[in-house]
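Beneath this line is the structure, given in structure tokens, with notes to follow.
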Amino acid sequence: HYPRTSRSTQTRLRAAFLTMADLAGLQNELKAAKERWEDIKLGKAKKESETFPFPVWLLLATQQPPNAKAFDVYEIPVKLVIDGLEAGQIHVEVPSTEIPAQLQEKIAAEVLGIWKKNMGKKAAPWAISSTLEWAETNFAKLLMLDPDCLHPYEGCDENDCTMRRYQIGPPAAPAPEEEEEEEDSEEDSDEEDSAELQEARERLAALLLEVEQGDDSGRKKLSPEEIERKKREAEEMGEKARQLSKKERDELNKTRKEKSGVRLAKTGQKNRKYEGEGAVSKEEKKKKNAANVKKRFGIA
């Protein structure tokens, strides 16, 4: 009779058998992928690593298919990484210098979702080849996962015909806002208003000084009523400066040339016929010509 084994020992042996089966299945799928895509690269951890042989990885630079000729990216590197035999110990990387980091993350997430969906099938439980096939077929779809990284422009195809092409790159920087220019114009307007008010204040101060120094300068001293009237005029002038818009103030402060008007046409004055005393009208001129004709040919 053979010695009986404990239940815990049987569990460990079963787990070891499944592990060896999983490793064998993974090796077979990696070998099949290498035979199908000659440019594929395989790798694993060093022997001194505690998790040897994991992580195990393969890298395939998927090439641009004919239906993606409009894109300026000619390959998408897809790296499938197996970190262990337990469920969920896989991830995807897209190591590319041509593809922006934010688009790389979306491509990796999309491929990872397809990989997990295809895993567990009896024929190919690791779904290595089927995942790579999907990445090749959906080349254009992967590049369009982030619209901010698509930059269209007018280009040419292999026959030099005009076509819309797409460059893949980081999102375009936002255009600078024009708030600063608007603020500058508002500040300039405020400065002009302040200058107008300051001018009105200076006129009022000069007027008051004129009143106070009226006797010393030899001029006639203003009466209290005249002083009040001039004060009101100055205040009204300052108030008007505050209320009028810049356009209205410019209209009031036109130069002599502007007030005289602008000549639009460069032609001379319209010629007019003399209609004064002794002038001959058009009808009279016709009658006179007709009489001359009859006289010339002897017609009565």
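Tabulated results
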{"read-out": "Set K41/K79; K69/K141; K46/K116; K41/K117; K79/K106 screened for pairs whose C-alpha atoms are more than 18 Å apart", "value": "K46/K116; K41/K117"}
{"read-out": "Charge context of V92, other residues only, Cβ under 9 angstrom, K/R +1, D/E -1", "value": "-1"}
{"read-out": "Highest-first arrangement of 28-34, 81-87, where packing means the average Cβ count within 10 Å", "value": "28-34, 81-87"}
{"read-out": "Counted charge near G169, where neighbours are those whose Cβ lies closer than 14 Å (Asp, Glu -1; Lys, Arg +1)", "value": "-3"}
{"read-out": "Residue-span extension gain [A70 to F52] - 0.36 nm each, minus C-alpha spacing", "value": "2.2 nm"}
{"read-out": "Cα centroid separation - segment 113-132 against segment 23-94, whole Å", "value": "12 Å"}
{"read-out": "A140 versus N289: modelled label distance in nm, points set 7 Å from Cα along the beta carbon direction", "value": "8.0 nm"}
{"read-out": "Accessible surface of segment 55-128, 1.4 Å probe, proportion on carbon and sulfur as whole %", "value": "55 percent"}
{"read-out": "Debye intensity ratio I(q)/I(0), log10, segment 37-109, q values 0.20 Å⁻¹ (C-alpha model)", "value": "-0.92"}
{"read-out": "Simple label model, 7 Å out from Cα along Cβ direction - A45 to A61, nm", "value": "2.9 nm"}
{"read-out": "Cut-off 15 Å between beta-carbons: net charge of the residues surrounding V111, Lys and Arg +1, Asp and Glu -1", "value": "-2"}
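The values are calculated or read from the model by the stated rules, or taken from the named source; none is laboratory data. Please read all numbers here as calculations on a predicted model, not as lab measurements. Cβ sites come from the backbone with ideal geometry, for glycine too, and all protein chains shown count toward neighbours. Accessible surface is based on the protein model in full, side chains and every heavy atom, while ligands, DNA and RNA are left aside. Shrake-Rupley method; radii C 1.70, N 1.55, O 1.52, S 1.80 Å.
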